[in-house]
Structures are given as C-alpha cells and as structure tokens.
Amino acid sequence: MSDRFFLAEPPTGSHGVLRDDEARHCTRVLRAKVGDTIRVFDGHGSEWPASITAVGRDTVDVALGEPLPAGASSRVPLTLAVALPKGDRQKWLVEKLTELGTARLVPLVTERGVAEATDAARVRLKRGVIEACKQCGRNTLMEIAAPATLQELAARHPAAVRLVAHPGGTSLGDQRRTSSGQAITEIVAAVGPEGGFTEEEVAQAVAAGFELVSLGPDILRIETAAIALAAWVTLAPTRS
Ligand code: SAH
C-alpha cells in the first residue's frame, strides 16, 4: 500500500492540502482517516511525515512534521527526447523513466512520429509521473517538457552532451566524457520514431552538435531504446 501522496501546492507553514486525485486516493482507495499518518512530497525534492487533520469531499488537510532528510544524487541530469509511442506504451515509458531517475522527458517532434503530445496528453503523462514517484520513492517529479524538434532541443541545451540514438552510430561507451575532457554536467539524448529518423533529420542533428550513438546491433523499440539510455546514465556517469 502506498502511503505517499503528492502535494501539488506549496504548504503554508506546516499546513498542507491534498486535492483531487491525491485526496481521493487517500480517503476512498486507502480509506485514510483523521489522525492517520502518511508521507507527502512536493515534487521538488522535499518530503514530510504528515498527519491527517481533516477530510473533505475532494480535499485532505494535513499537518506536516519535520522534513525528511533528502538523499544526495550524484546523477548527471538526463533530458530524454523521445518520439512518443502510442497508448499504453507511452504510459509504460513514463513509469520506467521516472523510476530510472530521468530528469526530463521531451516529446520529440519528428517526420515519422505517430503520437502527438497534446496538452491533454501531457497532463496524462504528468499524472503517470506522479503515480510512479509515489510508488518508487522519488521526490522530484520528472518534468514533461514542451514538444521540440532536434534543433529546438539543441538550442534549449547548448551546454549538454547531446546524443542521438541511431542504429550504426558509435558505441555508447565512448561518450562518458566530453571530447575536451571536461566533466559532464548534463546529457540530452534523443530516440526516434518506429520508422526511424529521416536522413535529413540525422544530418540536421549532426549539424546541431548531436553525436550518433548505437545501442547495440539489434533494432530496439522506442521504449527499450529510451530505457537503455536512462539506465546507462543512472548507472554510470557521475557528477564530479
Ligand atoms: N527502422 C528504424 C528503427 C527505429 S527504432 C531505423 O532503422 O532507424 C526507433 C528508435 O529507437 C530509433 O530511431 C533510435 O533512436 C532507437 N534505436 C533502436 N535501436 C537502436 C540501436 N540499435 N542503436 C541506436 N538506436 C536505436
């Protein structure tokens, strides 16, 4: 049973309010009552023990205790730009990337992309992020960023090590330091649609400073490629 709830609004002093889905999950699904102790997190890295002080129709009031100590992360922040797959595969992707600590997911706009990241779709994805955070213990939400093309992505992250997963690229193991030997502070990695990137997109990506990297000899589905990249970042390079 999950006893962690997402506090969407900043608390006022030691008073917080759970609303909507979170309040309903707390009282209707888990049957929490006044006096019960839960934990709440704000999505920006803070977490508190909290006791329920009042239960309304769609609200739960809580009194926060002392903030719980935050675990330091040595992870290099990863922005993953992914040509979103459809339906349940999207939901699954968001769950796994949240668990693996990806900082930000950008719906990648490509020629052959099949799913559009509408505002409604992004709200749904954000809900998936919250669910996954509640379950896995992560206190910082994975951001669902506005959609972008590869060029827009390069412009947004000029200082990042920029990678495009592309069959036939160079081995991923070679990208763990910058070419000038500097510490890596941010990684941006892009995954294309099931139909692959067009030759023009690949040329534009290289011109925008992306390196083409291989994820092995076989062709992976979009989600597998994204998860392989997220796992590589979470397990290997550290901030120095
Ligand atoms: N037929 C397409 C494959 C698309 S797979 C093609 O030949 O390009 C969907 C996306 O997953 C690709 O655009 C790429 O970003 C990533 N991907 C899948 N397998 C990969 C591999 N072995 N190496 C690098 N990237 C891969």
**Report entry** Output for segment 111-133, where each listed residue is within 11 Å of the chain's Cα centre (by Cα) and open to solvent by 40 Å² or more (accessible area, probe 1.4 Å)
**Finding:** Lys126
Report task. Identify, by number, the condition in (1) free of Cβ contacts under 8 Å to residues at least 60 places away in the same chain; (2) at negative phi that Leu78 doesn't meet. Result -> (1)
Query raised in the report: How about segment 43-100: which strands (runs of 3 or more DSSP E) wholly inside it have at least 2 residues that are under 30 Å from Arg28 (Cα atoms) and not basic (Lys, Arg)?
Result: 47-55, 59-64
Query raised in the report: Of (1) of a type in the set (S, T, N, Q); (2) more than 16 Å from the ligand (Cβ to nearest atom); (3) touching a strand residue (DSSP E or B) at 6+ places or on another chain (Cβ under 7 Å), Thr170 satisfies all except one. Which?
Result: (2)
Query - Top-ranked residue in segment 216-235 [being within 7 Å of the ligand (Cβ to nearest atom) and buried (at least 21 other Cβ atoms within 10 Å of the Cβ); ranked as farthest from Thr102 (Cα to Cα)] - result: Ile222
Query raised in the report: Which ones in segment 22-54 are open to solvent by 50 Å² or more (accessible area, probe 1.4 Å), closer than 20 Å to Gly137 by Cα and of a type in the set (Val, Ile, Thr)?
Result: Val29, Thr37
Query raised in the report: Which of the following residues is of a type in the set (Lys, Arg), under 23 Å from the mean Cα position of the chain (by Cα) and open to solvent by 10 Å² or more (accessible area, probe 1.4 Å): Arg19, Arg57?
Result: Arg19
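Rundown of residues vs (1) farther than 20 Å from Ile227 by Cβ; (2) open to solvent by 40 Å² or more (accessible area, probe 1.4 Å); (3) touching a Pro at 6+ places or on another chain (Cβ under 6 Å), yes/no style:
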site: Leu93; (1), (2), (3): no, no, no
site: Thr102; (1), (2), (3): no, no, no
site: Leu105; (1), (2), (3): no, no, no
site: Val109; (1), (2), (3): yes, yes, yes
site: Ala145; (1), (2), (3): no, no, no
site: Gln151; (1), (2), (3): yes, yes, no
site: Arg156; (1), (2), (3): yes, yes, no
**Report entry** Failed item in (1) at pLDDT below 95; (2) within 15 Å of the ligand (Cβ to nearest atom), with Ile184 passing the rest
**Finding:** (2)
Query raised in the report: Among the residues of segment 155-164, is any farther than 20 Å from Gln204 by Cα and either more than 17 Å from the chain's Cα centre (by Cα) or not charged (D, E, K, R) (or both)?
Result: no
Query raised in the report: Which one of these is under 30 Å from Ile227 (Cα atoms), outside the structural domain of Gln151 (by TED's automatic domain parsing) and open to solvent by 80 Å² or more (accessible area, probe 1.4 Å): Pro10, Pro69?
Result: Pro69
Requested in this report: Out of the residues in segment 189-210 that are in contact with a Leu (Cβ under 9 Å, 6 or more places away or on another chain) and either among the small types (Gly, Ala, Ser) or modelled with pLDDT under 95 (or both), state the one that is nearest to the ligand (Cβ to nearest atom).
Outcome: Gly192
Query raised in the report: Here is a list of conditions, (1) more than 16 Å from the ligand (Cβ to nearest atom); (2) in contact with an Asp or Glu (Cβ under 8 Å, 6 or more places away or on another chain); (3) closer than 30 Å to Leu7 by Cα, and Gly101 meets all of them except one; can you say which number that is?
Result: (2)
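The values are calculated or read from the model by the stated rules, or taken from the named source; none is laboratory data. The structure presented is a predicted model; accordingly, all values stated were derived computationally and were not measured. Using ideal geometry, Cβ is built from the backbone for each residue, glycine included, and neighbour counts are taken over all protein chains shown. Please note that ligands, DNA and RNA were not included when accessible areas were found on the heavy atoms of the full protein model with its side chains. Shrake-Rupley method; radii C 1.70, N 1.55, O 1.52, S 1.80 Å.
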